[in-house]
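All remarks here apply to the structure that follows.
What follows is calculated from the coordinates using simple rules that are stated; it is not laboratory data. None of the values given here were measured: they were computed from a predicted structure. Don't worry about glycine lacking a Cβ; one is built from the backbone with ideal geometry, like all the others, and counts go over all protein chains shown.
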Amino acid sequence: MIEQVLAGDTEAFRTIIDHYEAYLYQVALSVLHHPKDAEDAAQEAFVKIYFSLSKYQGQGFKTWLTRIVVHTAIDYKRKLGTRRETLGAMDSNELAAAAFEQTAAPESVEDDLLRKERAQLIACYLSEIPDNYRHVVVAFYMEEKSHMQIASEHGIAVKTVESKLYRARTWMKKHWKEEDFR
């Protein structure tokens, strides 16, 4: 199969992808713990695999694939960490704006204005959350950090993080209306 790919047979590579896709996704997920990130890392790994096939030495193909995916996922995680450090340095207005820039590419001036208005609204709502919950809410929902990461960064127990998130959600349900975010 590898020789066919090296000879230019793209269908042979498609067969390799079909055979190992689920496995490599699971490997990436075990490193990244986030389905979308794992999907992206697995896709990136397949590109690396394709261009590295000529370097494969014929021993333990699945192990070789796994090593590439693990390294790709680790690199992906580092990139995310760098991006999250940048997000952590932003104030709530900048953070809300950055979140909407990632999710909504403006198609027109109106879309851009609506996106900015929505970002300001979220920043305003974030400022309303009590201080003792805000940092945990921002870290978990905006920066997508795990409970463990938040606990270690703030020097608190994981159960404390879980408790603060629960109380913050209860506070938000009590003080905010869902239709305000539509």
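The table for this structure:
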{"quantity": "Entries of LYS48/LYS116; LYS79/LYS173; LYS116/LYS173 with Cα pairs more than 29 Å apart", "calculated": "LYS48/LYS116; LYS79/LYS173"}
{"quantity": "Most to least packed among 27-36, 9-18 [average Cβ atoms within 10 Å]", "calculated": "27-36, 9-18"}
{"quantity": "Rg to Rh, two decimals, where segment 2-86 supplies the alpha carbon set and Rh follows Kirkwood", "calculated": "1.02"}
{"quantity": "Additional length obtainable on full extension of the chain from SER163 to VAL47, 0.36 nm per residue less Cα span", "calculated": "37.6 nm"}
